[in-house]
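In what follows, a structure is listed as structure tokens, so that the remarks can point back to it.
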Amino acid sequence: MPGRDDLTIRVIRDEAEWDAIRPEWSALYAECPRASPPLDHAWLRTWWQVFGATYGPDGLRIVTMWRASRLVAALPLYVGSGRGDRFGMRVVRLLSTGEAEDEETCPDYLDLLARPGEDPACAAAAWREVEQWAWDQLEWLDLPAESALIRDRAAPRGAEVFDRGSCPIADLSGGFEAYLGRLSSNGRQQARRLVREGEAAGAQFEIVEADRAGRAFDDLCRLHQARWEADGTPGVFAAPRFVAFHRQIIEQWVPTGRAVLARLDLDREPIAVLYGFVTGGKFDFYQSGVRFDAGGALRSPGNLAHLRLMQALSARGVTAYDFLRGASSYKERLATREVSLAGVRVWRSTPRAIAARARQLVAQTVRRSAMPTPEPPS
């Protein structure tokens, strides 16, 4: 097993230096069994280009680990400020996290990117390196619960490891019919009925080609926003930086098949658009826009679109359809298993951190006191 003696750490703080190792990063990504779309160099680099100036005033901290000239692991970090903090608290975060709620990209499965067998040694080395930096708080969100960064007490003493929910996944191994066979009898019956209803109504489904991806993305934004605005809340596509980030990802990844935009049309009008990413044999569903007033011919255009996309992707060799984090009844109905996510947080005993924790405790106390007291049972 690889040891730590011949492991060299290089912390990259310069964008040009980071760009220079893109070929090595891509080779590492291809070998890493835990590779996810938000760990791809293109995703991270685009996020930094769009959001970095706003959220990363103290700059990049890309921890790279090498054996001789071979990149064996990487942990993409940056040092930002505490949200809403007026005292300059320094927070170490995973790249593509830490935005304001109205524009956060919400990436799941962020982790140490490591070659097989390198996880334990490189996770320990990463923690040793980060502990030498000047910061007040460390907050890493949405790691796989089995990440080497938090497994087997890898995190430093005093670290708080907490639950971040789970990602429901549909097992497509063996094809679409095999997937349907894994559902409950009622779930299987409902799925088949939806597909038949779509065929009877003349609904048309397609995975959009690159030359029409921009228009499909516009349809996604419009449908998504209409749904949320009807409830009096802004959808995620109201945020200009969020939209700019995903337009760039789509431009880079749709032509190569890494990103997928799928449309379900009725009477030549889009009634559902799905957006997600393919890594190896896995599809990560990221966002959707669904028209819920499509008429009585289709009871659930969103679920139908998911089923048709599962059918199409399984024919292309995709064996897992990941709905990503978030509790929704439709995800539970269509999934066959789930994967847990976790976060880790460390506070240091610095004046800024102590003040920030005190303010949080006061805010929590105020919120609790403002909650109505339940009536005692009669």
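Between E31 and R222, residue separation times 0.36 nm minus the direct Cα-Cα distance comes to 65.0 nm. Legend: calculated FRET efficiency, R345 to A124, from the Cβ-Cβ distance at R0 = 22 Å, rounded to 0.05, equals 0.70. Taking 0.36 nm per residue of separation and subtracting the current Cα-Cα distance, fully stretching the chain between D102 and R70 would add 7.6 nm. Each peptide in 321-334, 108-121, 179-192 receives the mean, over its residues, of other Cβ atoms within 10 Å, and ordering these scores from highest gives 108-121, 321-334, 179-192.
Calculate the tail of P(r) for region 168-339: the fraction of all Cα-Cα distances greater than 24 Å, expressed in %.
Working: 4903 of 14706 pairs.
Value for region 168-339: 33 percent of Cα pairs lie more than 24 Å apart.
Electrostatic tally near L95: other residues with Cβ closer than 10 Å to its Cβ, Lys and Arg +1, Asp and Glu -1, net +3. Loop-located trypsin sites (Lys or Arg not before Pro) in region 9-71 (DSSP state other than H, G, I, E, B) with a sparse environment of at most 12 neighbouring Cβ atoms within 10 Å are absent. For region 272-318, the relative contact order comes to 36 percent (Cα pairs under 8 Å, sequence separation of at least 6). Quick check: net charge around L324, other residues with Cβ under 12 Å of its Cβ, Lys/Arg +1 and Asp/Glu -1? Result for the local shell: -1. Across region 168-339, the relative contact order, built from alpha-carbon pairs under 8 Å that are at least six residues apart, equals 36 percent.
The Cα atoms of region 138-218 cover 60, 39, 20 Å along the three principal axes, with the biggest extent listed first. When the alpha carbon coordinates of the chain are projected onto the principal axes, the ranges are 64, 64, 38 Å, largest first.
Annotation: for a label point projected 7 angstrom from Cα along Cα→Cβ of E251, residues of region 46-70 with backbone N closer than 20 Å are 46-54.
Net charge of the neighbourhood of P37, taken over other residues with C-beta under 14 Å away and scored Lys/Arg +1, Asp/Glu -1, is -1. Ordered by the count of other Cβ atoms within 10 Å of each Cβ, fewest first, S166, S314 give S166, S314. The slack between A327 and N186, meaning 0.36 nm per residue of separation minus the straight C-alpha distance, is 48.7 nm.
Computed over the chain, relative contact order equals 20 percent, with contacts defined as Cα pairs under 8 Å that lie 6+ residues apart.
Quick note: the coordinates plus some simple rules give every number you see, no bench work behind them. On a predicted model such as this, the values are computed, not experimentally measured, just so you know. Positions of Cβ are backbone-derived with ideal geometry, glycine not excepted, and every protein chain shown enters the neighbour counts.
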